[in-house]
């Protein structure tokens, strides 16, 4: 039996927003009550596309501050940045030799990010899923909280783990690890509004790359900015429906109801029971009050923390030391299993 352990990460690419909070970070906070958790700022993944070297350290510290401000305890859990633990990249190379080209060619996220200029995309962007597999499996993690857009990558992580276990079955057994060395990590997808959409277009995902800042609520936005963005959010002229099926052809209404539900910790049906028939002007006022109450303290704490980079760096360094102790043991075993001579 593998020890139950959660691994997940967030890229330090700036402007953490409500979608990151509701889709990922709130789940991280809840999971720390039930699992041993490892939360990583995945800066090696960030550089699969060009990052400003002067900006990347600030963004890395901001994500770390967001983890802490949202309620992740860096003493109870391991919080670190990926590049401080070299075993991620080391295992990533071995997994490059395990994964098949056909598997990577099916990854839809690469096609979306590379677009029509695929020939000029970095090799790192193409092989991103094998590094993600290494991130998870270097800690032999059993569970991964993922959004819908990462489910395919997690499936590839399971395929890599299974192929490694199959290819090296005899060696794994000979080295005393039983029938399998790596677990097949399970996805954890829970709660409403795991996919938060743009405030300007309910058919598009909320994104830090959207040209309009009014399309998203940033975690560092103050109360005035949060209120203004919600009040300006795109809606339709009809009142809110009384039942959830009434949201099916109304993406903007569905998005705002989903955001309220997630912030309040209730279902969309619960929200519509209270606000069905209400005009958006009334509902948006209630959503402003809720969002400011929930997000305001987080933004204030993030701003306080990022003003103390020495503290943030100490959290990352301490977490990296704890992470590396686990990762180093995994890599020693992997090298023995694969047949690589080590010191």
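The values are calculated or read from the model by the stated rules, or taken from the named source; none is laboratory data. Quick caveat: nothing in here was measured; it's all calculated off a predicted structure. Counting neighbours? That spans all protein chains shown, and the Cβs are built from the backbone with ideal geometry, glycine included.
Which one of these does residue 3 not meet: (1) within 30 Å of residue 339 (Cβ to Cβ); (2) over 12 Å from the mean Cα position of the chain (by Cα); (3) at pLDDT 95 or above? Checking residue 3 against (1) within 30 Å of residue 339 (Cβ to Cβ); (2) over 12 Å from the mean Cα position of the chain (by Cα); (3) at pLDDT 95 or above, the one that fails is (3). Here the condition is being outside the structural domain of residue 50 (by TED's automatic domain parsing) and on the phi > 0 side of the Ramachandran plot; of 202, 265, it holds for 265 alone.
Could you tell me whether residue 207 is part of a loop (DSSP other than H, G, I, E, B), under 26 Å from residue 46 (Cβ atoms) and not assigned by TED's automatic domain parsing to the domain that holds residue 38? For residue 207, the condition - part of a loop (DSSP other than H, G, I, E, B), under 26 Å from residue 46 (Cβ atoms) and not assigned by TED's automatic domain parsing to the domain that holds residue 38 - is met. Determine if segment 287-302 includes at least one residue that is loosely packed, with under 13 Cβ neighbours inside 10 Å, assigned to a helix (DSSP H, G or I) and either touching a strand residue (DSSP E or B) at 6+ places or on another chain (Cβ under 8 Å) or modelled with pLDDT under 95 (or both). Yes, there is a match, as at least one residue in segment 287-302 is loosely packed, with under 13 Cβ neighbours inside 10 Å, assigned to a helix (DSSP H, G or I) and either touching a strand residue (DSSP E or B) at 6+ places or on another chain (Cβ under 8 Å) or modelled with pLDDT under 95 (or both). Just one of the numbered conditions (1) buried (at least 19 other Cβ atoms within 10 Å of the Cβ); (2) at pLDDT below 90 is not true of residue 185: (2).
Of the residues making up segment 11-34, those that are modelled with pLDDT of 90 or more, touching a strand residue (DSSP E or B) at 6+ places or on another chain (Cβ under 6 Å) and assigned to a loop (DSSP other than H, G, I, E, B) number 1.
If you filter segment 35-53 down to residues that are in contact with a strand residue (DSSP E or B) (Cβ under 8 Å, 6 or more places away or on another chain) and assigned to a loop (DSSP other than H, G, I, E, B), you find that the one that is surrounded by the most Cβ atoms within 10 Å (Cβ to Cβ) is 42.
Every listed requirement among (1) in contact with a strand residue (DSSP E or B) (Cβ under 9 Å, 6 or more places away or on another chain); (2) within 22 Å of residue 19 (Cα to Cα) is met by residue 202 save one, (1).
Residue-by-condition table, conditions (1) touching a strand residue (DSSP E or B) at 6+ places or on another chain (Cβ under 7 Å); (2) surrounded by fewer than 17 Cβ atoms within 10 Å (Cβ to Cβ); (3) outside the structural domain of residue 247 (by TED's automatic domain parsing):
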position: 272; (1), (2), (3): no, no, no
position: 281; (1), (2), (3): no, yes, no
position: 284; (1), (2), (3): no, no, no
position: 315; (1), (2), (3): yes, no, yes
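I need a count of the residues in segment 194-227 that are within 17 Å of residue 285 (Cβ to Cβ) and surrounded by 15 or more Cβ atoms within 10 Å (Cβ to Cβ).
Here is the first cut: in segment 194-227, the residues within 17 Å of residue 285 (Cβ to Cβ) are 199, 217, 223-227.
Adding the requirement that they be surrounded by 15 or more Cβ atoms within 10 Å (Cβ to Cβ) leaves 199, 217, 223, 225-227.
Residues in segment 194-227 being within 17 Å of residue 285 (Cβ to Cβ) and surrounded by 15 or more Cβ atoms within 10 Å (Cβ to Cβ): 6 in total.
Any idea how many residues of segment 272-293 are touching a residue at least 12 places away in the same chain (Cβ under 8 Å), touching a helix residue (DSSP H, G or I) at 6+ places or on another chain (Cβ under 9 Å) and farther than 20 Å from residue 198 by Cα? Here the count works out to 4. Of the residues in segment 84-92, at least one is touching a helix residue (DSSP H, G or I) at 6+ places or on another chain (Cβ under 8 Å), over 30 Å from residue 178 (Cα atoms) and at pLDDT 90 or above.
Going by what's in this entry, would residue 234 be described as assigned to a helix (DSSP H, G or I) and either at pLDDT 95 or above or in contact with a helix residue (DSSP H, G or I) (Cβ under 8 Å, 6 or more places away or on another chain) (or both)? Answer is no for this residue.
Residues in segment 237-266 that are part of a loop (DSSP other than H, G, I, E, B) and buried (at least 17 other Cβ atoms within 10 Å of the Cβ): 240, 241, 250.
Just to be sure before I move on: is residue 153 part of a helix (DSSP H, G or I), assigned by TED's automatic domain parsing to the domain that holds residue 35 and modelled with pLDDT of 95 or more in the structure I sent? Walk me through it before giving the result.
On the way: part of a helix (DSSP H, G or I): yes; assigned by TED's automatic domain parsing to the domain that holds residue 35: yes; modelled with pLDDT of 95 or more: no.
Taking the combined requirement at face value, the residue does not satisfy it.
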